[in-house]
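Beneath this line is the structure, given in structure tokens, with notes to follow.
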Amino acid sequence: MLDNLEFEEKFEKLRDYYKIESPKKIRPLLRQNENIFLLLEEVKPYLEESFSGAEFCLEKNFEPEIDDHFVILRINVSEERYNNGIGDELREFDQKTKQLWRNANICRELTVLPGILDV
């Protein structure tokens with residue numbers, strides 16, 4: 001388990017690569033599952049390979065039906081790209097990174113969703 005200083009350093013380092021929506025809301029979720037840090041570092045090369053030119057954001061989501069909080073890795077692409085096959089790209093990314101997700105032991109704590117870049 002990371003001490004507070006190590007945690008904050010890792011959290012700030014994430015912000016160099018990922019746009020973090022509502023850091024105050026995401027910080028506790030990452031504190032609860034530090035394996036997310038590991039996974040987010042390991043998937044960077046795959047994100048760049050699969051989604052060049054995209055913006056990578058971290059957001060908090062809440063599912064009230066099951067009282068569950070989790071982090072979303074939102075991959076924002078152009079509207080044209082979003083409408084023309086982002087699902088295929090996400091499936092390929094999933095196949096390439098499946099073992100990394102298993103190694104990090106993250107099931108519902110982090111999910112990947114597409115989005116459209118704000119222009």
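So for the pair GLU8, SER22, with labels modelled 7 Å out along Cα→Cβ, what separation do we get in nm?
2.3
Near the amide H of ILE116, under 5 Å away, which other amide H atoms are found, from residues 5 or more places off or on another chain, if H is placed in the peptide plane?
For ILE116, whose amide H was placed from the backbone, the distant partners under 5 Å are VAL77.
Say the cut-off is 25 Å between C-alpha atoms; which of LYS44/LYS98; LYS24/LYS96; LYS24/LYS44; LYS10/LYS44 go over it?
From the list (LYS44/LYS98; LYS24/LYS96; LYS24/LYS44; LYS10/LYS44), the Cα-Cα distance tops 25 Å for LYS24/LYS96.
Against the longest alpha carbon principal axis of the chain, how many degrees, from 0 to 90 and to the nearest 10, is the axis of helix 23-32 turned?
So the inclination is approximately 70 degrees.
Given an 8 Å cut-off on Cα distances and at least 6 residues of separation, report the relative contact order of the chain as a percent.
Here the relative contact order equals 29 percent.
Give the long-range amide H neighbours of LYS60: residues separated by 5 or more places, or on another chain, with amide H under 5 Å away, using H modelled in the peptide plane at 1.01 Å from N.
Excluding prolines and chain starts, which carry no amide H, the hits are ILE72.
Which whole-Hz ³J(HN,Hα) couplings does segment 88-102 yield from phi under the Karplus relation 6.51 cos²θ - 1.76 cosθ + 1.60, θ = phi - 60°, glycine and proline marked x?
My calculation for segment 88-102 gives 5, 5, 5, 5, 4, 4, 4, 5, 5, 10, 3, 5, 4, 5, 5 Hz in order.
Please work out which option in (i) 1.22; (ii) 1.05; (iii) 1.29 gives Cα Rg over 2.2 N^0.38 Å calculated from these coordinates, and answer with its label.
Given (i) 1.22; (ii) 1.05; (iii) 1.29, the structure-derived one carries the label (ii).
Just so you know, all these numbers are worked out from the coordinates, no wet-lab data involved. Remember, it's a predicted structure, so these values are computed and weren't measured experimentally. Every residue, glycine among them, receives a Cβ derived from its backbone with ideal geometry; neighbour counts consider all protein chains shown.
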